[in-house]
1. Using a 10 Å cut-off around each Cβ, can you sort 164, 314, 287 from fewest to most neighbouring Cβ atoms?
2. Could you name the lysines in cross-link range of residue 361, using Cα to Cα under 24 Å and dropping any fewer than eight places away on the same chain?
3. Convert each backbone phi in the range 426-434 into a coupling constant with the Karplus relation 6.51 cos²θ - 1.76 cosθ + 1.60 (shift: θ = phi - 60°), then list the ³J(HN,Hα) values in order as whole Hz, x for Gly and Pro.
4. Using all alpha carbons of the range 96-162, what is the percent of pairwise distances in each 10 Å bin, ordered from the shortest bin to the longest?
5. Got a sec? How would 357, 191 order by Cβ neighbour count within 10 Å, fewest to most?
6. Express in whole angstrom the spacing between the alpha-carbon centres of the range 100-148 and the range 367-436.
7. What are the residues whose amide H is under 5 Å from the amide H of residue 187, where those residues sit 5 or more places off or on another chain and H is modelled from the backbone?
8. Using the number of other C-beta atoms within 10 angstrom as an exposure proxy, rank 221, 353 with the fewest first.
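Coordinate-derived values only; no laboratory data. Worth saying up front: this structure is predicted, and the values here are computed from it rather than measured. For neighbour counting, all protein chains shown are included, and Cβ atoms are generated from backbone atoms with ideal geometry for every residue, glycine included.
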Amino acid sequence: MLPVVALVGRPNVGKSTLFNALTRSRDALVADMPGVTRDRHYGVCRTGERPFVVVDTGGLSGVEEGLDALTAQQVRLAIDEAQVLVFVVDARDGLLPQDRAILDDLRRSGKPIIAAVNKTDGLDLQNAMAEFSVFGLSSTLPLSAAHNRGTPELVAAVLPMLPEDAHEELAPGEDDSIRVAIVGRPNAGKSTLINRLLGEDRLIVSSVAGTTRDPIRVPVERDGKRYTLIDTAGVRRKARVDEGVEKFSVIKTLQSMAAAQVVVVLIDARENLADQDLHLIGHAVEEGRALVIAVNKWDGMDAYQREQCQRALERRLQFVDWAKNVFISALHGSGLRELMRAIVRAHHAATVELGSSELTKTLERAYEAYQPPLVRGHAPKLRFAHPGGTNPPTIVIHGSRTKHIAPAYRRYLEGFFRKRFKLEGTPIRIDFRDGE
Ligand code: GDP
Ligand code: GDP
């Protein structure tokens with residue numbers, strides 16, 4: 001499973017700016033904890049050789065009373081979950097007593113710490129850094145998160161500190177099962193669904209593998225097809241009396257999405273579609289995972305409620321109109337055959353091998369039907385295409401001036417390829433290359 005890195009420091013030192021630079025994410029997953037002033041953000045950093053989960057802890061003040069004490073508790077939780085701590089300080093403020101207090105705190109965890117001295121832009125580096133050498137940390141790096149300077153070096157320093165075996169690359173063909181992550185907000189019905197898919201008698205078995213940290217992998221066979229469910233919360237929560245752990249673990253959710261080929265986002269039909277649902281979907285798409293949206297608790301809803309729900313989905317899920325919506329009742333077991341079929345189809349679309357000549361032919365047809373707008377009097381040219389990978393299907397397009405191709409044209413091409421190759425249920429990547 002993906003290792004975890006926590007960003008810790010006083011408020012305003014630039015943690016969330018750094019978080020954005022590392023994750024390049026529009027869809028940070030936000031965990032809203034009751035009673036906590038600032039939300040924690042979670043994302044995946046993929047800018048280095050190995051991906052890892054990044055947690056922006058919101059901030060420690062170093063003075064822990066009242067609300068601050070509550071926030072501090074949440075930060076502690078993040079520190080517990082992390083394997084490496086990035087201690088962010090502000091070069092413009094210089095070293096403050098609160099920084100020392102926070103560092104003492106971090107040291108007690110016994111985990112490796114890297115100090116990132118942020119906002120060094122426009123400062124004399126040597127002077128700026130000198131002050132922080134008193135930390136005595138083996139790794140103290142200058143940073144300008146706002147200008148994305150120093151972040152590659154920071155990532156390079158983090159990677160060797162992460163546990164060797166913590167990262168497990170997706171290995172298609174490690175067995176012939178489809179790896180499925182079932183994710184969703186608390187109470188969406190994840191554990192009910194997993195138990196239903198397992199069948200009553202196998203309920204106990206599922207609590208075997210895995211430590212407290214790792215999501216469990218649960219083999220399931222249905223209608224002659226094999227699946228590996230990557231469980232984030234559900235089954236084990238029922239099996240263990242471990243309520244100290246957060247009910248909704250964003251880290252486990254991210255880890256299981258990273259390990260899956262198909263992500264099933266479970267939505268509670270009886271609740272309004274929440275931002276968190278959209279964040280989960282957005283993250284699955286950013287990660288390139290095949291996607292099925294399962295609308296749960298469809299039982300006992302009347303015709304009017306069903307229509308309202310379907311309308312809301314149509315309106316708010318336009319950005320993933322290629323993903324199948326299935327309506328299920330995990331409790332009663334209805335709709336599950338359709339769900340499994342949608343998973344198989346999405347997996348098939350995500351892993352299908354596309355041929356270069358068909359891709360190029362399709363590109364030519366798309367280009368003839370509608371050309372990208374001129375750039376300073378010249379049209380970007382698109383010459384030929386070839387496959388660049390699967391899950392998600394990646395199409396490499398060679399041409400010239402491709403940097404000027406607008407997002408709308410990219411979407412047009414995506415739609416064209418999607419239709420031609422019936423790529424339902426999976427995001428598509430288009431990778432433009434100039435020259436050649
Ligand atoms: P957080 O509270 O630690 O998450 O801090 P933020 O990321 O919200 O940043 C606090 C302020 O510092 C914002 O106004 C940022 O624009 C600014 N900031 C962040 N990084 C840099 C940097 O590298 N250089 C400069 N000059 N300002 C920065
Ligand atoms: P989780 O937090 O996502 O694992 O959600 P649970 O599986 O624990 O379910 C939360 C609650 O929703 C429980 O009380 C379930 O019995 C109920 N629930 C789950 N699926 C369904 C369903 O299909 N229909 C109805 N009516 N209730 C359901």
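1. The fewest-first ordering by Cβ neighbours comes to 164, 314, 287.
2. Filter leaves 381, 403, 419, 422.
3. Using θ = phi - 60°, the values come out as 9, x, 10, 10, 10, 10, 7, 10, 8 Hz.
4. Percent of Cα pairs in each bin: 19, 50, 30, 1.
5. Lowest to highest Cβ neighbour count: 357, 191.
6. If we compute the Cα centre of each part, the gap is 43 Å.
7. Amide H neighbours of residue 187, under 5 Å, 5+ apart: none.
8. Going from least to most buried by this count: 353, 221.
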